[in-house]
Amino acid sequence: MTTRLKLAHLADLHLGFRQFDRQTTRGANQREADIAQAFAQAVDDMLEQRPNIVVLAGDIFHSVRPTNAAILFLFQQLQRLRVGLPDVPVILLAGTHDTPRTVETGSILRLYEAVGAEVVVDAPRRIVYPKLDCAVLAVPHQALISPERPALRPERGGPTFNILLTHFQYQALGEARGTMEYGGALLGPEDLAPAQWDYVALGHFHVAHEVFPNAWYSGAL
């Protein structure tokens, strides 16, 4: 058991996103390469910081059908984490961009179970890590827009540390600044119940933002 928990919280990687016409010397879209480099640097930092658990709070890819280069790149970076931090759990959560519009489409994220990642795509999952004395309730975008939205509450009598991992739009956050991300499920403080969680790891809003002292949007890389 542990008396403290060190968590790495990332979100909104949007790997594979392309913009503008500039290209790298190898012919790749420069914006896509910049985003990939930012995530590689984040992996460098995690390997140095050595967290107890890593969570990616949705919109890992920019599209439900990312490029082959983006798919391979994420494999390479997760493998780096596997080798460098072999005992550290990694949880991938599906956000709005990762969620197919039809059941037949399927989610590309499930591929990364092959490198030992916990992947949560449609239904909420409570994942317990006894060695860390920790439980993570991972609630993907699809579950939040379903007619029967799950209760975002920890189980009573559970581990010492309880973490909520989810992807949604918090009320009108960012509307005045023009940084609001559309398309997300809309939730408020009564849905979140922050006092019942040790930490709430959020995705969807692209600017690092403290919703409550223990509830943060990490922002996009």
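The values are calculated or read from the model by the stated rules, or taken from the named source; none is laboratory data. Owing to the predicted nature of the structure, the values given are computational and were not obtained by experimental measurement. Neighbour counts run over all protein chains shown; Cβ positions are idealised from the backbone, glycine included. For accessibility, only protein heavy atoms count, side chains too; no ligands or nucleic acids. Shrake-Rupley method; radii C 1.70, N 1.55, O 1.52, S 1.80 Å.
Here ALA69 passes the criteria (1) small (Gly, Ala, Ser); (2) within 29 Å of ASN162 (Cα to Cα); (3) modelled with pLDDT under 90 except the one numbered (2).
Does GLN49 meet the test of being open to solvent by 50 Å² or more (accessible area, probe 1.4 Å) and under 23 Å from LEU164 (Cα atoms)? Outline the logic, then answer.
On the way: open to solvent by 50 Å² or more (accessible area, probe 1.4 Å): yes; under 23 Å from LEU164 (Cα atoms): yes.
Yes, satisfied.
The residue that is most open to solvent (accessible area, probe 1.4 Å), among those in the range 60-106 that are out of contact with any His (no Cβ under 6 Å at 6 or more places or on another chain) and among the polar types (S, T, N, Q), is ASN68.
Looking at the structure I just gave you, is ALA117 over 19 Å from ASP87 (Cβ atoms) and open to solvent by less than 30 Å² (accessible area, probe 1.4 Å)? So ALA117 does not fit the description; no. No other residue among ALA193, ALA208, ALA185 is modelled with pLDDT under 90 and either open to solvent by 40 Å² or more (accessible area, probe 1.4 Å) or under 24 Å from LEU109 (Cα atoms) (or both) apart from ALA185. Look at the range 175-199: where a residue is farther than 18 Å from THR96 by Cα and a partner is among the aromatic types (Phe, Trp, Tyr) and at pLDDT 85 or above, sitting 6+ places away or on another chain with Cβ atoms under 6 Å, you get PRO194/PHE212; ASP198/PHE161. The residues of the range 120-137 that are in a helix (DSSP H, G or I) and open to solvent by less than 50 Å² (accessible area, probe 1.4 Å) amount to a single one, LEU132. As a summary of the residue check, ALA143 satisfies the conditions (1) under 21 Å from ALA193 (Cβ atoms); (2) surrounded by fewer than 20 Cβ atoms within 10 Å (Cβ to Cβ) except for the one numbered (2). With respect to the conditions (1) part of a strand (DSSP E or B); (2) without any contact (Cβ under 8 Å) to a residue 24 or more places away in the chain, GLY106 falls short on a single one, namely (1).
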